[in-house]
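See below for the structure under consideration.
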């Protein structure tokens, strides 16, 4: 888990991310605070990118892929910020050395195993909640029926999802090409499930097709990309949010999210990604957990007086019914008023913060972004659960005139011992650009960027 924050106004955009990363190690996992999540997307253009959730694509670190893209991009600029995201997607889709078909098929099988494990867990929970005898043929048949039912229900879930129309692939062809592997995974994952019907096996195969073709990204698998900065024709910052759910048939499964743009109508904005509860709670003045129960509280306000009236003895039924109607009208009005006031208060608080952000300098944008990430880190530090947000906070600011500037950046090597890195950083720059390079080298504070 991670927390990433974007704070922007007409002057520029600040990016901030923590350093926590969860490393799965078979039956256990460790949380480390050394992950790099903020990167320059171009050495020469005012564009940055943040990565959250899964930091690799088909086993390739996104850090590596982003830096290869940056090298290929060179000095090329794009009219709009959104074009940089499109160019990155095109680069990833067409880089066969990084993502050969064998790697794509391997990713598909791994994602399928995760889904089948989820189904197996659902079956185990269903069996655990049932009442069974001490053993025997009758119990085995009941367990088999339960397993078949759970598989059927899981297929119904997948069939109810929208198609992933944002990328064109033939799911049947991709799964058909790996049909032997799919059936092998089914045999291995559901070995010992005596009584698993042929229909259930067909359902499991159909789920494999839906995994490719439906608009669903398993929460622990997808990669989030937050691209922020300026296109050549843009004077105010723009943020593009993409979610990547793997690659199938040489096509990247990319779900486009809302494009956020600073304008005269929207002069500032604060955005949070990945773990958002603490940041959203601060911005709205109310915890998201409370928001989730707002409807329950409103229902309590509406219904409780009537329930209390039912418990009052000595009132004639007709009189009680008439009184209940009057009370329900008033309590319903109060419940609706309560919900409106809570929502109005949240909107007012966020509006005040947006107004304050509108007036911030570039330095202050960075401070706000860093502080909001720090709040999430502090919340996890004070929790009894494992700290999923933490470590040093990397902060960068992107402006139209100055480009990508590091404010805070963790280093994995000492600068004074690696002069060769900085001397070679701008290798390949066209002759005559030495002054530009010198200025950029003076601003460059990254250890590996």
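Any read-out appearing in this document is the output of simple, stated calculations on the displayed coordinates, not a laboratory observation. These numbers come from a predicted model, not from an experiment.
Quote the relative contact order of the chain in percent (integer), defining contacts as alpha-carbon pairs under 8 Å separated by 6+ residues.
Values: 692 pairs, mean separation 121.6, N = 449.
Normalised by residue count, the contact order of the chain is 27 percent.
Give me the extension gain from residue 201 to residue 106: residue separation times 0.36 nm, minus the current Cα-Cα distance, reported in nm with one decimal. Before the final figure, lay out each step's value.
On the way: separation 95, 0.36 × 95 = 34.20 nm, distance 2.12 nm.
Here the answer is 32.1 nm.
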| field | Rounded if a/c under 1.5, otherwise prolate or oblate - the range 188-308, Cα gyration tensor axes | value | oblate
| task | Mind jotting down the distance between the C-alpha centroids of the range 245-318 and the range 194-239, whole Å? | result | 23 Å
